[in-house]
1. Suppose we filter L43, L73 for residues that are part of a loop (DSSP other than H, G, I, E, B), closer than 25 Å to D130 by Cα and modelled with pLDDT of 95 or more; which single one remains?
2. Looking at (1) closer than 13 Å to Y30 by Cα; (2) part of a strand (DSSP E or B), find the lone condition where D110 falls short.
3. Return the residue satisfying two criteria in turn: it lies in the stretch 45-73 and is open to solvent by 30 Å² or more (accessible area, probe 1.4 Å) and in contact with a Cys (Cβ under 8 Å, 6 or more places away or on another chain), and of such residues it is farthest from L156 (Cα to Cα).
4. Can you name the condition, by its number, that K18 falls short on among (1) under 13 Å from L156 (Cα atoms); (2) buried (at least 16 other Cβ atoms within 10 Å of the Cβ)?
5. Filter the stretch 90-132 down to residues that are of a type in the set (F, W, Y) and open to solvent by 30 Å² or more (accessible area, probe 1.4 Å), then give me how many there are.
6. If you check E54 against the conditions, is it among the acidic types (D, E) and in a loop (DSSP other than H, G, I, E, B)?
7. Might you check whether a residue that is closer than 21 Å to D151 by Cα, hydrophobic (A, V, I, L, M, F, W, C), open to solvent by less than 30 Å² (accessible area, probe 1.4 Å) and in a strand (DSSP E or B) occurs anywhere in the stretch 32-40?
8. Any residue in the stretch 134-148 that is in contact (Cβ under 8 Å) with a residue 40 or more places away in the chain sitting within a Cβ distance under 7 Å of a residue that is among the charged types (D, E, K, R) and not in a strand (DSSP E or B)? List the pairs, counting only those 6 or more apart or interchain.
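The values are calculated or read from the model by the stated rules, or taken from the named source; none is laboratory data. For clarity, every value in this text was computed on a predicted model and none was experimentally measured. For neighbour counting, all protein chains shown are included, and Cβ atoms are generated from backbone atoms with ideal geometry for every residue, glycine included. Heads up: the accessible areas ignore ligands, DNA and RNA and are worked out on the full protein's heavy atoms, side chains in. Shrake-Rupley method; radii C 1.70, N 1.55, O 1.52, S 1.80 Å.
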Amino acid sequence: MSFKTPDLCDAFEAELGKTVRVVAPMFQRYGGRTSFSGQIVTLKLFEDNSLVREVFGENGKGKVLVIDGGGSLRCALVGDQLAILANKNGWEGVVVYGCIRDSGDINGIDIGVRALNTHPQKTLKKGIGDKNVAVTFGGVTFTPGEWLYADEDGVLVASKPLV
C-alpha cells in the first residue's frame, strides 16, 4: 500500500483535527521500512517491556503496535530480538513513546519503527501494563482499532482507513 502523509493531509483536509490527526514531530525513524500503516493495537506501560514480547508473539498482519512508555528515556522498550519477533509475526510497525536499542540491527529488519531515541539498557520484567486502552502523547489520542500511517514526513492517526 503506497501513500504519502502530506497527500493524505491534503486529501482529508476537512477532517484534520477530527477524524484525521497529526502526531507532533517527535520521533526518530528506525527499521527497514520507511513507511508503514495498519490498525492500531496499544500498550501502556512504564520501563517494563514484558507485554511487548507477548503482543509481538501474536499475529500482527495489518497492525501497528503503539507503545505508551510514558516518554521514559531511562531504558529501551524494544530491541532487535523483539523486532525480529514482530517481523516474523507480520507486524507492520511500532511507535514507541520511549526508547529502543540495537538500532543498527533494527535498521536491517523489515519493519517500521518510530521512537523518541535509543538507550542501551534493557527494561525490568514485572509483567505490568495495560493492553488495548486509549493512550495519548504527541497531542493525539491513539485508540485501539483506529488506523496509523507513518512515513518520512510524519505520523497520522485516523478513525477510518484512508487508503
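1. On the way: L43 fails: part of a loop (DSSP other than H, G, I, E, B).
Being part of a loop (DSSP other than H, G, I, E, B), closer than 25 Å to D130 by Cα and modelled with pLDDT of 95 or more holds for just one of L43, L73, which is L73.
2. It is condition (2) that D110 fails.
3. Among those residues, the one meeting the criterion is E47.
4. Every condition holds for K18 apart from (2).
5. The first filter runs over the stretch 90-132 and keeps only residues of a type in the set (F, W, Y), leaving 91, 97.
Imposing the further condition that a residue be open to solvent by 30 Å² or more (accessible area, probe 1.4 Å) reduces the set to 97.
So the count comes out to 1.
6. Numbers: among the acidic types (D, E): yes; in a loop (DSSP other than H, G, I, E, B): no.
For E54, the condition - among the acidic types (D, E) and in a loop (DSSP other than H, G, I, E, B) - is not met.
7. Residues of the stretch 32-40 that are closer than 21 Å to D151 by Cα, as a first pass: 32-40.
Adding the requirement that they be hydrophobic (A, V, I, L, M, F, W, C) leaves 36, 40.
Restricting the remaining residues to those that are open to solvent by less than 30 Å² (accessible area, probe 1.4 Å) gives 36, 40.
Among the residues that remain, those that are also in a strand (DSSP E or B) are: 36, 40.
Yes: one or more hits.
8. W147/K160
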